[in-house]
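K.L.:
The structure is given below, and queries will be raised subsequently.
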Amino acid sequence: MLRLVRTTSDNADFRALVQLLDQDLAHRDGAEHAFYAQFNKIDKINHAVVAYQDDEPVGCGAIKEFDANQMEVKRMFVQPAHRGTGVAPALLAELEGWARELGYAACVLETGKKQPEAIRLYQKSGYDFTPNYGQYIGVDNSVCLRKAL
């Protein structure tokens, strides 16, 4: 049974999963990884979720304020053995629900073109492409998406 736990970036399981995510992204992004890594620090994230399957941490995600009306989805990851089992959609729905509870009207996010499974997840979950924002403007590998809550 999948169990979702709301926590912060101080959670040891969240930190361990993010390390696995960073390893995966370093492999996928190659030389571009250093550029993205600077925007993915997890210090002081107050809204993180860890997914547990039989008490094993199998996935994570987080949200942080993007602006007064929007939260940014960050650090989404599911361990490879648990992909395709519904963990990612459950995590994303939990993060969106939390953002709604906090009074935000939308979620935005950035992912890479080298992560087509992530793009499919977000599109299936109701996200639409939006112009690249902030540090991602003009970055060819970046894809930005948005969903009204």
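K.L.:
Taking a cut-off of 19 Å between Cα atoms, list the aspartates and glutamates near Lys113, but don't count ones fewer than 8 places away on the same chain.
P.N.:
Partners within reach: Asp22, Asp24, Asp29, Glu32, Glu72, Asp128, Asp140.
K.L.:
In addition: How far is the Cα center of the stretch 53-98 from the Cα center of the stretch 3-27, in Å?
P.N.:
10 Å
K.L.:
I need Val50, Val139 ordered by Cβ neighbour count within 10 Å, fewest first.
P.N.:
With the fewest neighbours first, Val50, Val139 line up as Val139, Val50.
K.L.:
What ranking do Tyr104, Tyr133 get, fewest neighbouring Cβ atoms within 10 angstrom at the top?
P.N.:
Listed from fewest to most nearby Cβ atoms, that is Tyr133, Tyr104.
K.L.:
Which ordering of Lys114, Lys74 is given by a fewest-first count of other beta-carbon atoms within 10 Å?
P.N.:
So the ranking, lowest neighbour count to highest, is Lys114, Lys74.
K.L.:
With just the Cα atoms of the stretch 2-148, tell me how far they stretch along each of the three principal axes, in Å, largest first.
P.N.:
Largest to smallest, the principal-axis extents are 42, 36, 29 Å.
Since every read-out is calculated from the coordinates, none of them should be taken as a lab result. Just so it is clear, the model here is predicted, and its values are computed rather than measured. Ideal geometry is used to build each Cβ from the backbone, glycine not excepted, and the neighbour counts take in all protein chains shown.
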